[in-house]
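Chemist: This is the structure I want to talk about, given as structure tokens.
The values are calculated or read from the model by the stated rules, or taken from the named source; none is laboratory data. Treat the numbers as computed from the prediction; the structure is a model and nothing was measured. Using ideal geometry, Cβ is built from the backbone for each residue, glycine included, and neighbour counts are taken over all protein chains shown.
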Amino acid sequence: MNTIISKIAQEKAKKIQGLYAITAPELIAADAMISAIKSVILGGAQIVQYRNKLASKSEKLHQAHQISQLCKQHNVCFIINDDPQLAKAVSADGVHVGKEDGKIADARKTLGEQGIIGVSCYNQLENAQQAITQGADYVAFGRFFPSKTKPDALQADLQLLELAKQELKVPIVAIGGITQDNAQDLIKRGAHAIAVINDLFHDEQAIFSTAKIYQELFNS
């Protein structure tokens with residue numbers, strides 16, 4: 001049984017590597033969402049997270065279903081923000097939640113062992129260690145730089161990535177104010193994936209080329 005669980009963990013870890021694109025409804029019009037996601041996938045994104053705090057429940061279901069199909073077509077990992085039920089409804093690969101105990105347990109109950117659960121750990125290694133104990137498959141730290149999406153988010157030290165790389169056995173995602181100028185440093189310090197919002201989607205015409213630049217950082 002432990003061998004089976006270990007193999008599942010290994011397969012899930014392989015999916016959390018590279019450019020991690022997070023949707024931004026404030027930057028992308030609803031009728032342009034699928035086109036934007038297709039561009040970011042073709043540009044090289046390995047993970048797409050659907051995050052939409054503005055849409056109605058029915059609109060979220062419709063958009064998430066379309067993105068799920070698109071990700072499956074291109075073998076890209078699809079994560080839903082903070083909604084395990086929606087993730088299950090559209091057959092997403094997993095869900096990303098806050099660090100609260102109940103959310104992790106609820107997500108695992110809803111998605112089963114195959115589901116990927118990512119957890120925001122802000123600027124605390126202890127949060128990550130607790131989340132992993134509770135069943136997290138990957139952890140996210142940040143913000144590392146000034147963020148337009150969450151300007152008041154807790155500041156994380158770059159050295160946290162180095163320490164996390166030494167201490168943790170799951171993929172590490174860096175988020176918060178990431179640009180083409182600072183992303184390489186995060187990768188070198190230990191980030192397995194970099195989550196980008198504004199720098200990817202602020203210019204609809206440049207999504208493909210920007211995604212390509214980010215993904216190539218992992219090959220350099």
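Chemist: Can you name every residue in region 170-197 that is under 28 Å from Ala29 (Cα atoms) and either surrounded by fewer than 17 Cβ atoms within 10 Å (Cβ to Cβ) or without any contact (Cβ under 8 Å) to a residue 12 or more places away in the chain (or both)?
Modeler: Filtering region 170-197 down to residues under 28 Å from Ala29 (Cα atoms) leaves 173-183, 193-197.
Hits for region 170-197 are Thr179, Gln180, Asp181, Asn182.
Chemist: While we're looking at this one, here's another question. Go through region 50-93 residue by residue and tally those that are in contact with a helix residue (DSSP H, G or I) (Cβ under 9 Å, 6 or more places away or on another chain) and on the phi > 0 side of the Ramachandran plot.
Modeler: The total comes to 2.
Chemist: Is it fair to say Gly102 is surrounded by fewer than 20 Cβ atoms within 10 Å (Cβ to Cβ), among the small types (Gly, Ala, Ser), free of Cβ contacts under 8 Å to residues at least 40 places away in the same chain and touching a strand residue (DSSP E or B) at 6+ places or on another chain (Cβ under 7 Å)?
Modeler: Working: surrounded by fewer than 20 Cβ atoms within 10 Å (Cβ to Cβ): yes; among the small types (Gly, Ala, Ser): yes; free of Cβ contacts under 8 Å to residues at least 40 places away in the same chain: yes; touching a strand residue (DSSP E or B) at 6+ places or on another chain (Cβ under 7 Å): no.
Taking the combined requirement at face value, the residue does not satisfy it.
Chemist: Can you tell me which condition Thr23 does not meet? The list is (1) surrounded by fewer than 21 Cβ atoms within 10 Å (Cβ to Cβ); (2) within 13 Å of the chain's Cα centre (by Cα); (3) of a type in the set (S, T, N, Q), and all the others hold.
Modeler: Unmet for Thr23, out of (1) surrounded by fewer than 21 Cβ atoms within 10 Å (Cβ to Cβ); (2) within 13 Å of the chain's Cα centre (by Cα); (3) of a type in the set (S, T, N, Q): (1).
Chemist: Moving on. Name the residue, out of Ile79, Ile28, that is under 14 Å from the mean Cα position of the chain (by Cα), of a type outside the set (Asp, Glu) and surrounded by 19 or more Cβ atoms within 10 Å (Cβ to Cβ).
Modeler: Step by step, each of Ile79, Ile28 is checked, and only Ile79 is under 14 Å from the mean Cα position of the chain (by Cα), of a type outside the set (Asp, Glu) and surrounded by 19 or more Cβ atoms within 10 Å (Cβ to Cβ).
Chemist: What are the residues in region 132-169 that are in a helix (DSSP H, G or I) and surrounded by fewer than 18 Cβ atoms within 10 Å (Cβ to Cβ), if any?
Modeler: Thr133, Leu158, Gln159, Glu162, Leu163, Lys165, Gln166, Glu167
Chemist: Read through the list (1) modelled with pLDDT of 95 or more; (2) more than 17 Å from the chain's Cα centre (by Cα), then give the number of the only condition that Leu54 fails.
Modeler: Here Leu54 meets the rest and fails (1).
Chemist: Still on this structure: In region 71-128, which residues are of a type in the set (Lys, Arg) and either touching a Gly at 6+ places or on another chain (Cβ under 9 Å) or at pLDDT below 95 (or both)?
Modeler: Lys88, Lys99, Lys103, Arg108
Chemist: What tally of residues in region 54-111 results from selecting those that are in a helix (DSSP H, G or I) and in contact with a Cys (Cβ under 8 Å, 6 or more places away or on another chain)?
Modeler: Number satisfying all stated conditions: 1.
Chemist: Something else now. Which condition breaks for Ala206 when tested against (1) surrounded by fewer than 17 Cβ atoms within 10 Å (Cβ to Cβ); (2) within 19 Å of Lys99 (Cα to Cα); (3) of a type in the set (A, V, I, L, M)?
Modeler: Going through the list (1) surrounded by fewer than 17 Cβ atoms within 10 Å (Cβ to Cβ); (2) within 19 Å of Lys99 (Cα to Cα); (3) of a type in the set (A, V, I, L, M), Ala206 breaks only (2).
Chemist: Could you grab me the full set of residues in region 43-57 that are out of contact with any Ser or Thr (no Cβ under 6 Å at 6 or more places or on another chain) and in contact (Cβ under 8 Å) with a residue 12 or more places away in the chain?
Modeler: Scanning region 43-57 gives Gly43, Gly44, Ala45, Gln46, Ile47, Val48, Gln49, Asn52, Lys53, Leu54, Ala55.
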